[in-house]
Structures are given as C-alpha cells and as structure tokens.
Amino acid sequence: MPNQTIAYFTHTIGASHKLNPKEEYILTGRLKRKKLRQLAKKLHLSDERIRQIEKQSLTKLQSKTYQENLF
C-alpha cells in the first residue's frame, strides 16, 4: 500500500471518536504491516485477542451511522 494511502487511513482512524486507544493502535499497526504477534506482545494479549479486536474495530468503522457522520 502506498504511503499516502496508509497516512490517509491512519489519520481517519486517529480522528475517529468511536475507537478507543487500543483499537486505534491495533488498526494502525496492522496497516503498517505489523504482525499479530508483535502487537500482542506489546499489549500483553494473545494473537487471537488482537485479531478479535481488529475485527470489532473494523466493524465499528464500517457502520453506516459512522460513515454518515464523516461527511
């Protein structure tokens, strides 16, 4: 993914008021191609829990009401 795209999505994630800091950290880390194991070690969680949080965070960002509030 080009750096501009990563920067755009990182900014969008950071500007989101729906996500807590842990969710933001996980999503931005995954965008920057960090492995589940690296994020899990840093946050003292299991790989599976990181994957679950990532999935929940993406669901929040994909919700129609959130998308309507962006514009």
Checklist entry - Any number yet on Rg/Rh for the chain, C-alpha, Kirkwood? => result 0.98
Checklist outcome for this item: Calc'd 3J(HN,Hα), region 17-28, phi into Karplus 6.51 cos²θ - 1.76 cosθ + 1.60 (θ = phi - 60°), Hz, glycine/Pro = x, comes to 9, 8, 9, 7, x, 5, 5, 4, 4, 5, 5, 5
Checklist entry - Which stretch or stretches of region 27-47 have amide N atoms under 17 Å from the point lying 7 Å from Thr12's Cα along the Cα→Cβ direction? => result 27-33
Checklist outcome for this item: So, over other residues within a Cβ distance under 15 Å of Ile6, counting Lys, Arg +1 and Asp, Glu -1, the net charge is +3
Checklist entry - When Lys and Arg each count +1 and Asp and Glu each count -1, what net charge do the other residues less than 14 Å away from Gln52, Cβ to Cβ, add up to? => result +2
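Read-outs throughout are calculated quantities, based only on the coordinates presented, and are distinct from any laboratory measurement. All values derive from a computational prediction rather than experimental measurement. Neighbour counts are summed over all protein chains in view; Cβ atoms, including those assigned to glycine, are modelled from backbone coordinates with ideal geometry.
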